[in-house]
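**Student:** Before anything else, here's the structure in question.
The values are calculated or read from the model by the stated rules, or taken from the named source; none is laboratory data. For clarity, every value in this text was computed on a predicted model and none was experimentally measured. Cβ: placed from backbone, ideal geometry, glycine included. Neighbour counts: every protein chain shown.
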Amino acid sequence: MLILMQPAATPDQVAEVLALLDSAGIRAHVHEAPDSLSIVAPHASQALKADRIEPMAGVRRVVSLTSPYKLASADAAAGRTVVDVRGTRIGGPDLALVGGPCGVESREQLFTVARYVAEAGVKLLRAGAFKPRTSPYAFQGLGVEGLRLLEEARREFDLGIVTEATEVETFDDVERSADMVQIGARNMQNFALLRRAGRSEKPVLLKRGPAATLEEWLYAAEYVLSEGNRQVVLCERGIRTWSDHARNTLDISVVPAAKALTHLPVMVDPSHATGRRDLVIPCALAGVAVGADGLLVETHCHPEKALSDGPQALLPSDFIRLVAQAGAVHRALQGPSLTGLWM
Ligand code: PEP
Ligand code: MN
């Protein structure tokens, strides 16, 4: 059940609806969009009828939720969700950009990249301290030492920090240091980790699994949402297909398809989607063109020396070029004529 409150509903009126739901043993979440407030109660209709709630003061309308992923579905919110990460709003009118190296390797490497990321006007720095690697012998990240360096970079360059949590055991450490916690593709169906992220106060960036359908991805988001964390951003990062010219296949059409089914913001990661530096910018721009709310892009000051994902890391000059071009594509889409064409 989705309870849409009137724009002028008072906090007391909201509290009264919540108290009624609570007295019926129903778990509910308040959802605040920029100009609307709604209450989502996934299983309320079994215990309470809409006509018990609809006459209450401050209530505009009660809508039944029919989608299987109740909290992630577009009809579970009065508007689109905007996730605020240290002042960068993901899902609003602006294109959100996140950049950084695949992993934190050293203070010098991190600070060099952080400096040009910040100078390019990007406000969110992403780098892994805990790295999920295909081979157990590959660089696994600096761990807690990497988190300390990320905290230093935040202070030094005034950047928000996005970094990955790979397991429940180290989630607390990552959560303390991060402004946004990434759940990587390989962990998209690690349900214990998703539930832990759902109990976090920090926004979550949920990557799509390399073999996950859109529906499975939304169910994964549902795990986070159902624990109470409403700040979830989806990130398409390529899926495994028989196409072997690139590391993965960027599923461009999933962006508008996901945005039709969910109120959550959707970003695109062209770096892991392609694995090839020469394909990153074209695919990033394609992501913006199909309506992505933001981009997550890997960049390194010396990609040839990178300890992970060097072949896909943009050189500093290319990263700066991408920021300008992505902004131009985004602005073009905001124009009245183009918007009218594809909406
Ligand atoms: C990463 O972001 O560096 C990463 C390992 O991504 P993914 O989970 O998409 O493979
Ligand atoms: Mn990487």
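**Student:** Just the residues that are among the hydroxyl-bearing types (Ser, Thr, Tyr) and crowded, with 16+ Cβ neighbours inside 10 Å, please, taken from the range 68-108.
**Tutor:** Just the residues of the range 68-108 that are among the hydroxyl-bearing types (Ser, Thr, Tyr), to begin with: 69, 73, 81, 88, 106.
Within the range 68-108, TYR69, SER73, THR81, THR88 qualify.
**Student:** Output the residues belonging to the range 197-253 that are crowded, with 24+ Cβ neighbours inside 10 Å and over 22 Å from VAL98 (Cβ atoms).
**Tutor:** Across the range 197-253, the qualifying residue is only TYR223.
**Student:** Scan the range 262-282 residue by residue and report those that are away from ligand 1 (no atom under 15 Å from the Cβ) and buried (at least 20 other Cβ atoms within 10 Å of the Cβ).
**Tutor:** Selection gives THR262, HIS263, LEU264, PRO265.
**Student:** Could you list, in sequence order, the residues of the range 254-295 that are within 13 Å of ligand 2 (Cβ to nearest atom) and closer than 24 Å to ALA33 by Cα?
**Tutor:** Passing the criteria: none in range.
**Student:** In the range 53-108, what residues are modelled with pLDDT of 95 or more, in contact with a helix residue (DSSP H, G or I) (Cβ under 7 Å, 6 or more places away or on another chain) and among the charged types (D, E, K, R)?
**Tutor:** ARG107
**Student:** Report, ordered by the first and then the second residue, all pairs with beta carbons closer than 8 Å, sequence separation of six or more or different chains, a first member in the range 93-113 that is closer than 10 Å to ARG126 by Cα and within 12 Å of ligand 2 (Cβ to nearest atom), and a second member that is modelled with pLDDT under 95 and of a type in the set (D, E, K, R).
**Tutor:** Final answer for the pair search is none.
**Student:** Would you confirm whether or not the range 317-324 contains a residue that is of a type outside the set (Val, Ile, Thr), in the same structural domain as VAL162 (by TED's automatic domain parsing), within 16 Å of ligand 2 (Cβ to nearest atom) and assigned to a helix (DSSP H, G or I)? First the steps, then the outcome.
**Tutor:** So the first thing to find is which residues in the range 317-324 are of a type outside the set (Val, Ile, Thr), and the list is 317-319, 321-322, 324.
Of the ones still in play, those that are also in the same structural domain as VAL162 (by TED's automatic domain parsing) are 317-319, 321-322, 324.
Retained after the next criterion (residues that are within 16 Å of ligand 2 (Cβ to nearest atom)): 319.
Those left that are additionally assigned to a helix (DSSP H, G or I): 319.
Within the range 317-324, one or more residues are of a type outside the set (Val, Ile, Thr), in the same structural domain as VAL162 (by TED's automatic domain parsing), within 16 Å of ligand 2 (Cβ to nearest atom) and assigned to a helix (DSSP H, G or I).
**Student:** What number of residues within the range 262-306 satisfy the criterion of being in a loop (DSSP other than H, G, I, E, B), under 13 Å from PHE319 (Cα atoms) and hydrophobic (A, V, I, L, M, F, W, C)?
**Tutor:** 1
**Student:** Six or more apart or on different chains, Cβ atoms under 8 Å: show the pairs whose first residue is in the range 260-280 and closer than 14 Å to TRP217 by Cβ and of a type in the set (Ser, Thr, Tyr) and whose second is within 16 Å of ligand 1 (Cβ to nearest atom) and modelled with pLDDT of 95 or more.
**Tutor:** Every condition considered, the pairs that remain are THR262/ALA221; THR262/LEU234.
**Student:** Shifting gears a bit: If you scan the range 306-316, which residues turn out to be within 15 Å of ligand 2 (Cβ to nearest atom) and either of a type outside the set (A, V, I, L, M, F, W, C) or touching a strand residue (DSSP E or B) at 6+ places or on another chain (Cβ under 7 Å) (or both)?
**Tutor:** Pass one, the range 306-316, residues within 15 Å of ligand 2 (Cβ to nearest atom): 306-314.
Across the range 306-316, the qualifying residues are LEU307, SER308, ASP309, GLY310, PRO311, GLN312, ALA313, LEU314.
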